[in-house]
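Before any comments, here is the structure.
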Amino acid sequence: MSRTKNRRRERRHVLDVKLSSNQVRRRRTQLVVSALFAVTFLTCTVYGLWRGGWWALQRFVYQNEQLQVRDFQVRTDGVINPEHLRRWAGVKLGDNLFAIDLHGIKHELEMHGMIRQASLERVLPGTLRLQVAERIPLAHVRLRFSGADGRLLTRDFGLDETGRVMPLDRAIVRAETASGWRQLPEVTGIVGGEILPGNDLTNQLAHAALQFLKTFNSTAMAREVQIQSIDLTEPELLKLKTVQGHAVEVLDRGFERQLARWEMLHKTCATKRIGYDWLDLSPSNNVPIHLVQLTTNALPLRLTNR
């Protein structure tokens, strides 16, 4: 009897183990199927939302006739003709307001040497505004090169106070502005490879010359004489020529002190009716000067050779 009971207990135990294993497999299968269903449902939902959003964006934004550019407003604080700014921006009436790459247009405009900063603004439903801040040239530099036919050609570029090379395109400004550009001081002695539109000069003496012009333009001397050219061929020295016929040598630093000495000498010479055609402001303890006697017609007459 004991053996029969033991056999029954063993059979029940084996049966219980088999039932437990089947339940585990069934649960695992259900979990896998549920996970696959959830992943599939989530994927389909995300894809559906994405496609629906893309369709809605195309239908209600990019293909919406109400969001076409009907008015392109251009404002500038400088001298460039707004029509040229519109052409450089590349925006046409009828373009979709949101399909326009504002950052790309801003970058392209600011790479142009004449534009310091550009900002664009969408104004719903159909207006695009462009605001431009232009660079102001302090001087010009002349690049000489050979043309296709072998002839020597020249082209003028402007330099602003930061040393940015500006293309002085006289076709895009008024005639009086182009005439004013011709009267800017010419800077000589810069390597031709640095003269590229939109490029910043690395020549430190050129930067000193631009800083001098900025300082000079804020002094009383700017009303007395006009700088014609600045020669940079000598280290640490700016060699100026004025429209009035003066040759002036200036150290590449300490401009306020040198300009104050120049102003004092200029006033003294004017008071005593004595002219000068050369002076050197670079020494710290004296000012070499070459004086000339003025005639009644205010024409300089040299007294001695320098």
Just checking, how many residues over the range 228-245 are more than 20 Å from G180 (Cβ to Cβ), of a type outside the set (D, E, K, R) and assigned to a loop (DSSP other than H, G, I, E, B)?
4
Do you know which of the residues in the range 148-172 that are assigned to a loop (DSSP other than H, G, I, E, B), open to solvent by 20 Å² or more (accessible area, probe 1.4 Å) and not acidic (D, E) is nearest to D200 (Cα to Cα)?
T162
Has the range 191-212 got at least one residue that is among the small types (G, A, S) and over 29 Å from the mean Cα position of the chain (by Cα)?
no
Going through the range 173-188 in order, the residues found to be closer than 19 Å to L240 by Cα and either at pLDDT below 95 or crowded, with 19+ Cβ neighbours inside 10 Å (or both) are W181, R182, Q183, L184, P185, V187
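So that you can scan it fast, the table gives a plain yes or no per residue for (1) open to solvent by 20 Å² or more (accessible area, probe 1.4 Å); (2) over 22 Å from R142 (Cβ atoms); (3) more than 32 Å from the chain's Cα centre (by Cα):
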site: T233; (1), (2), (3): yes, no, no
site: L238; (1), (2), (3): no, no, no
site: F255; (1), (2), (3): no, yes, no
site: W262; (1), (2), (3): no, yes, yes
site: A270; (1), (2), (3): yes, yes, yes
Filtered residues of the range 246-279 (kept if in a helix (DSSP H, G or I) and of a type in the set (K, R)):
R257, R261, K267
Which numbered condition trips up A148, out of (1) under 15 Å from the mean Cα position of the chain (by Cα); (2) over 18 Å from W181 (Cβ atoms)?
(1)
Report whether or not R142 is touching an Asp or Glu at 6+ places or on another chain (Cβ under 7 Å) and surrounded by 11 or more Cβ atoms within 10 Å (Cβ to Cβ).
yes
S218 fails exactly one of (1) within 22 Å of R142 (Cβ to Cβ); (2) of a type outside the set (F, W, Y); (3) open to solvent by 10 Å² or more (accessible area, probe 1.4 Å), namely (1)
Give me a count of the residues in the range 272-292 that are exposed (fewer than 12 other Cβ atoms within 10 Å of the Cβ) and either of a type in the set (D, E) or at positive phi (or both).
1
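The values are calculated or read from the model by the stated rules, or taken from the named source; none is laboratory data. Predicted, not measured: the structure shown is a model, and the values here were computed from it. Reconstructed Cβ throughout: ideal geometry from the backbone, glycine too, with neighbour counts over all protein chains shown. Accessible surface is based on the protein model in full, side chains and every heavy atom, while ligands, DNA and RNA are left aside. Shrake-Rupley method; radii C 1.70, N 1.55, O 1.52, S 1.80 Å.
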